[in-house]
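Enquirer: Following this message is one structure expressed as structure tokens.
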Amino acid sequence: MSARDSRQGLIIVVSAPSGAGKTTVCETLVAEWPDIRWSVSFTTRLPRRGERDGRHYHFVTLEEFESEREKGRFVEWAKVHGNLYGTPRDFLEKQILAGKDTLLVIDVQGARAVKESFPDAVLVFLLPPSLTELERRLRIRSQGGSENISSRLRNAKVEFSCYRTYDYVVVNDDVAEAASRLKAIILAERCKTSRLKRGTEREVSKPR
């Protein structure tokens, strides 16, 4: 019996303010650890440079998004910086049953909704070293000018107040180190006895 066969799949939720580096950290983790699967969200926003439909997001129109939402397909959905994002429920359920781990990069309100539907989900909040560093990163990205940066910084301060509701906090002062800490969290969570599938104890105790 393999380790994957003996346990349920993990749902790992990573949240962070815009500019904190959550996508970069998670991409670094997945590149080094390919058995972690992305949960690909639906979004109405336009693709950024280098993003691919079906890999980073399912890019859809507002009408398409609303149609999926009305069907009850999303475990959570939220409006963030004027764009809609939604996480498909059926994919997560299949991953859990198959013993496969799934990584979600979503905002604070989305994380709360996922935790309500999947209480065993692991919530990780990624913090920048400081607000000054966060502002510097946002200016390098420079999307939408000073007004947009100010709006994102205001939102960041609100999101910071929620980090104590998460299971873990990782400070992203170095991408490789932050990815390593995230990996350590996942490895520890995989070993929890509460994640064993029913009947595993009987299989383990069988004489060989």
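Enquirer: Just a yes or no: is a residue in the range 86-94 modelled with pLDDT of 90 or more, at negative phi, small (Gly, Ala, Ser) and surrounded by fewer than 20 Cβ atoms within 10 Å (Cβ to Cβ)?
Expert: No, that holds for no residue.
Enquirer: Please go through the range 159-200 and give me each residue that is in contact (Cβ under 8 Å) with a residue 24 or more places away in the chain and of a type in the set (A, V, I, L, M), ordered by number. Please lay out each step first, then the result.
Expert: Quick first cut of the range 159-200, residues in contact (Cβ under 8 Å) with a residue 24 or more places away in the chain only: 159-160, 162-163, 165-173, 175-176, 178-179, 182-183, 185-186, 189-190, 194-197, 200.
Those that are in contact (Cβ under 8 Å) with a residue 24 or more places away in the chain and of a type in the set (A, V, I, L, M): VAL169, VAL170, VAL171, VAL175, ALA176, ALA178, ALA179, LEU182, ILE185, ILE186, LEU196.
Enquirer: Can you say whether GLY82 is on the phi > 0 side of the Ramachandran plot and either touching a Ser or Thr at 6+ places or on another chain (Cβ under 7 Å) or free of Cβ contacts under 8 Å to residues at least 60 places away in the same chain (or both), as far as the supplied structure shows? Show your work before the answer.
Expert: Numbers: on the phi > 0 side of the Ramachandran plot: yes; either touching a Ser or Thr at 6+ places or on another chain (Cβ under 7 Å) or free of Cβ contacts under 8 Å to residues at least 60 places away in the same chain (or both): yes.
Here the answer is yes, as GLY82 does meet what is asked.
Enquirer: Just need a number here: residues in the range 54-79 that are hydrophobic (A, V, I, L, M, F, W, C), within 14 Å of VAL40 (Cβ to Cβ) and out of contact with any Ser or Thr (no Cβ under 8 Å at 6 or more places or on another chain).
Expert: Final tally of qualifying residues: 0.
Enquirer: Right, next: Regarding GLU76, is this residue at pLDDT 95 or above, farther than 15 Å from ARG37 by Cβ and of a type in the set (Asp, Glu)?
Expert: Details: at pLDDT 95 or above: no; farther than 15 Å from ARG37 by Cβ: yes; of a type in the set (Asp, Glu): yes.
Answer is no for this residue.
Enquirer: Out of the range 81-96, which residues are farther than 20 Å from SER67 by Cα and of a type in the set (D, E, K, R)?
Expert: Within the range 81-96, GLU93, LYS94 qualify.
Enquirer: Another one. What are the residue pairs meeting all of these: first residue in the range 89-116, first residue under 20 Å from ALA184 (Cα atoms), second residue among the hydroxyl-bearing types (Ser, Thr, Tyr) and assigned to a helix (DSSP H, G or I), Cβ atoms under 8 Å, and 6 or more apart or on different chains?
Expert: Pairs that qualify, where the first residue is under 20 Å from ALA184 (Cα atoms) and the partner is among the hydroxyl-bearing types (Ser, Thr, Tyr) and assigned to a helix (DSSP H, G or I), are GLY99/SER6; VAL105/THR23.
Enquirer: If you don't mind, another one. Inside the range 111-131, can you point out the residues that are buried (at least 16 other Cβ atoms within 10 Å of the Cβ), outside any helix (DSSP H, G or I) and either of a type in the set (Val, Ile, Thr) or modelled with pLDDT of 90 or more (or both)? Working first, answer last.
Expert: First pass over the range 111-131, keeping only residues buried (at least 16 other Cβ atoms within 10 Å of the Cβ): 111-115, 118, 121-128.
From the residues that got through so far, the ones that are outside any helix (DSSP H, G or I) too are 118, 121-128.
Selection gives PHE118, ALA121, VAL122, LEU123, VAL124, PHE125, LEU126.
Enquirer: OK, next. Within the range 46-57, does at least one residue satisfy the condition of being without any contact (Cβ under 8 Å) to a residue 12 or more places away in the chain, within 20 Å of ASP90 (Cβ to Cβ) and of a type in the set (Asp, Glu)?
Expert: Our first condition is that a residue be without any contact (Cβ under 8 Å) to a residue 12 or more places away in the chain; within the range 46-57, this holds for 48-53.
Next, from what is left, pick out any that are within 20 Å of ASP90 (Cβ to Cβ): 53.
With of a type in the set (Asp, Glu) added as a condition, the list becomes 53.
Among the residues of the range 46-57, at least one is without any contact (Cβ under 8 Å) to a residue 12 or more places away in the chain, within 20 Å of ASP90 (Cβ to Cβ) and of a type in the set (Asp, Glu), which makes the answer yes.
Table: residues versus (1) over 17 Å from SER15 (Cβ atoms); (2) at pLDDT 75 or above; (3) not aliphatic (A, V, I, L, M).
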{"site": "GLN109", "(1), (2), (3)": "no, yes, yes"}
{"site": "PHE160", "(1), (2), (3)": "no, yes, yes"}
{"site": "GLU177", "(1), (2), (3)": "yes, yes, yes"}
{"site": "ALA184", "(1), (2), (3)": "yes, yes, no"}
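The values are calculated or read from the model by the stated rules, or taken from the named source; none is laboratory data. The model shown is predicted, which means the values in this text are computed figures rather than measured ones. Neighbour counts run over all protein chains shown; Cβ positions are idealised from the backbone, glycine included.
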